[in-house]
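A short worksheet on the structure shown next.
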Amino acid sequence: MDTSKTVEKFKKFLSRLSDKDELKFLGWLKNNIDDLVNEARDTSGNENDVILDCLRDDIRQSLPQNAVSATENIQTPTIGMNSDCDPATTVHVDAFLYDEETVDDLCDEGKMSRNYCQKCGSHDVKPLTFITHSASVPQIKYIYQYLLPELRGKTIVDVGSRTGAVLYGGYLFSNAEKMIGIEIDVSFCELQQRILDKYKMTDRVQILHKDVLDCTAVIKKADIIVLNNVFEFFMPKEIQERIWNYLYDTLKKSGTIIVTVPSIEDTISPLQTKVDLEKWVKKIDTSATLPQANLLLYGDEHHEDSDLENIFVYKVL
């Protein structure tokens, strides 16, 4: 937006007023400026929510219900927090595309189920395991509106950007100068690029169809690195170990912020890496932000299904 033109129009408007009316108007403006700013912010926020809903619908139309691309290689973890997942009873539900209300609607329509029958034809049922590989809309808003500092002039790098959820959120809910998505799957790269082109986000968002191990220059320059469920379901143990060692060696710029789901501690605990967390990063306590964020994003300070506490923030020492 060219604010200089707006200022000139404002001055021209004032010049048309009598001295008495100008003083009255400026007095009114001074007394109501806070309400006007808040109203403008609310309007902008509503518009951004509409854009986000539209692009989510576009992506849903482009992918199967499990949001797994035809070229993607999903692997059942053999170690770590999700190693007990049974492929037969695990459902991939993308949290960015399908919120709880949408999932409920799909279940009501018979297009999805939350349970499976242990004995065919009986009522002996157990809940299915739902796994998401994307941040939910509340998580995205929480990251940009509560967890991260002022982002003007900053670069955000999302490792394993997939459908682009974190990138679209950064464009709509932050003033970050640049968002870069690193994605190894060609189908998701093409999908993200199509969405960016359609919604005119290419001025600040870039997609790299690359392996993160080939993105050293980008990683080193990043101010914010996002790692959301990024390796566990997509790579064998030895590759995960190699990537974490690479990140440990590469992410050395002091003050760089790392946002992860789950925590780095939980992620690397079953791996054999050289990562020394105490020498590498400082974990940021974000607990004080949760009640207000839950209230505004979920309508309840202690929302039982909140996924905000699953996000962890670190700062490189």
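The values are calculated or read from the model by the stated rules, or taken from the named source; none is laboratory data. The structure presented is a predicted model; accordingly, all values stated were derived computationally and were not measured. So basically every Cβ, Gly included, is an ideal-geometry build from the backbone, and we count neighbours across all protein chains shown. Remember, those area values only see protein heavy atoms, side chains included, never the ligands or the DNA or RNA. Shrake-Rupley method; radii C 1.70, N 1.55, O 1.52, S 1.80 Å.
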Q: Please calculate how many Å² of accessible area region 167-232 carries per residue, with a 1.4 Å probe and no DNA, RNA or ligand atoms counted.
A: 41
**Q.** region 146-200: GluC sites (Glu not before Pro) in DSSP loop, at most 13 other beta carbons within 10 Å
**A.** Glu150, Glu177
Q) R0 = 41 Å: FRET efficiency of Leu277 with Val186, Cβ-based, nearest 0.05? A) 0.75
Q: Heavy atoms only, probe 1.4 Å: what % of the accessible area of region 194-317 goes to carbon and sulfur, would you let me know?
A: 48
Q: Scan region 219-313 for trypsin sites (Lys or Arg not before Pro) in coil per DSSP, keeping those whose Cβ has at most 15 other Cβ atoms within 10 Å, and list them by number.
A: Lys252, Lys253, Lys274
Q: Output ³J(HN,Hα) for region 281-290: one whole-Hz value per residue in order, computed from phi by the Karplus curve 6.51 cos²θ - 1.76 cosθ + 1.60 with θ = phi - 60°, and x for Gly and Pro.
A: 9, 10, 7, 8, 7, 10, 4, 5, 7, 5
